[in-house]
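Enquirer: Take a look at the following structure, please.
Values in this text are rule-based calculations from the coordinates and carry no lab data. These numbers were taken from a predicted model, which means no experiment stands behind them. Here the Cβ is made from the backbone with ideal geometry for all residues, glycine too, and neighbour counts use every protein chain on show.
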Amino acid sequence: MELCCTSVMLPRWSLDETFDRLGEYGYDAVELRCRYNPDDPNAEPSFWGRHLSDVSPDNVVAKAGQIRAAVQRSGVRVAALAPDALYTETDLILKLFKGALAIDPDRPPLIRVGASMHDRGKPYWPQFLEARAGFAKLTELARAYGVKAIYELHTGAIAVSASRALELLRDLDPAHIGAIYDVQNMIQVGIEDTRMGLELLGPYVAHCHIGNRIPVATERVAAGNMQWRWQSAGLREGVADIPQLIGDLKAVGYQGALSLELFGPGDDAETVQEEGAYLRSLLERA
């Protein structure tokens, strides 16, 4: 497995700094944020706002030379692109496909493509079948370009678990479509046994997000029910059993990237360095 980090959690680092620091801290790969910055060029950098690296679907091809040079210099390859794209956004997806090929035509980064969120006010099955048909078309488009798209198991999405993602992708070509096994998203919906989920997905497990969360009580509503929110937590502090997950990934023969994804407070460099060292220690266990 490759030790990877998503640059979505690194809004205060420039593009070159992202590669150089990850290389210094022993990472093998980066999952590169590829999204539009807000219009305000002076906005405070934030996870879901402005990033100093400023890689977007519109400029990724133009920046591919700088990215390739950073890869060569740091030894940190681009394992995946992390845009905000839906399978219905064909024009946007084609920009991302071309960007991935410009970065590495021989081993293009995986491209994250999502489905619309589940609308609880409408019947589930029509929404699911529409998404399945859309991902079938996406798979053929990815095949035509020689790239691979990946669907993230995400809270509130049309397929929030390994078993639902399997039904979404079943019989599609795993060479061109796969799943991101995202443990911290699945915590919120009741995570399946990790070994079972990974075995169910089989060849569709293409990428893995590693983070952790804890439930935090907020306030009671008028009926007396306690309301809860999920808060980002260190890998050793949250609900998910990260050592077990790493062991299960090894057991099923997973060879992809293990991408650190934490969105809590604290010093960026310290988080990336310390949590990366912990993950490396788990990967190196017999």
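Enquirer: Step by step: first the residues of the range 250-284, then only those that are without any contact (Cβ under 8 Å) to a residue 12 or more places away in the chain and in a loop (DSSP other than H, G, I, E, B), then the one that is farthest from residue 231 (Cα to Cα). Which residue is that?
Expert: Here the residue is 253.
Okay, residues lined up against (1) among the hydroxyl-bearing types (Ser, Thr, Tyr); (2) buried (at least 20 other Cβ atoms within 10 Å of the Cβ):
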| site | (1), (2) |
| --- | --- |
| 108 | no, yes |
| 121 | no, no |
| 127 | no, no |
| 151 | yes, yes |
| 161 | yes, no |
| 165 | no, yes |
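Enquirer: Just give me the residues in the range 225-249 being loosely packed, with under 14 Cβ neighbours inside 10 Å, part of a helix (DSSP H, G or I) and of a type in the set (D, E, K, R), in sequence order.
Expert: none
Enquirer: Looking only at the range 167-206, which residues are among the β-branched types (Val, Ile, Thr), surrounded by 16 or more Cβ atoms within 10 Å (Cβ to Cβ) and under 25 Å from residue 243 (Cβ atoms)?
Expert: Answer for the range 167-206, where residues must be among the β-branched types (Val, Ile, Thr), surrounded by 16 or more Cβ atoms within 10 Å (Cβ to Cβ) and under 25 Å from residue 243 (Cβ atoms): 180, 183, 187, 191, 194, 205.
Enquirer: Taking only the range 7-22 into account, find how many residues are of a type in the set (A, V, I, L, M, F, W, C) and closer than 15 Å to residue 37 by Cβ.
Expert: Looking only at that region, the number is 4.
Enquirer: Tell me, yes or no, whether the range 149-156 has at least one residue that is closer than 25 Å to residue 32 by Cβ, among the aromatic types (Phe, Trp, Tyr) and part of a strand (DSSP E or B).
Expert: yes
Enquirer: So, one more: Search the range 1-50 for residues being under 20 Å from residue 100 (Cβ atoms) and among the hydroxyl-bearing types (Ser, Thr, Tyr), and hand back the single one that is surrounded by the fewest Cβ atoms within 10 Å (Cβ to Cβ).
Expert: Top of the filtered list is 36.
Enquirer: Looking for whichever is more than 19 Å from the chain's Cα centre (by Cα), farther than 30 Å from residue 24 by Cα and in contact (Cβ under 8 Å) with a residue 12 or more places away in the chain here; the options are 121, 75, 146, 114. Which one fits?
Expert: Going through 121, 75, 146, 114 in turn, the sole match is 146.
Enquirer: Let me ask something else. Looking at (1) free of Cβ contacts under 8 Å to residues at least 40 places away in the same chain; (2) in a loop (DSSP other than H, G, I, E, B), find the lone condition where residue 65 falls short.
Expert: (2)
Enquirer: Of all residues in the range 169-224, which are in contact (Cβ under 8 Å) with a residue 24 or more places away in the chain, farther than 22 Å from residue 149 by Cβ and not in a loop (DSSP other than H, G, I, E, B)?
Expert: 187, 194, 195, 196, 199, 213, 214, 215
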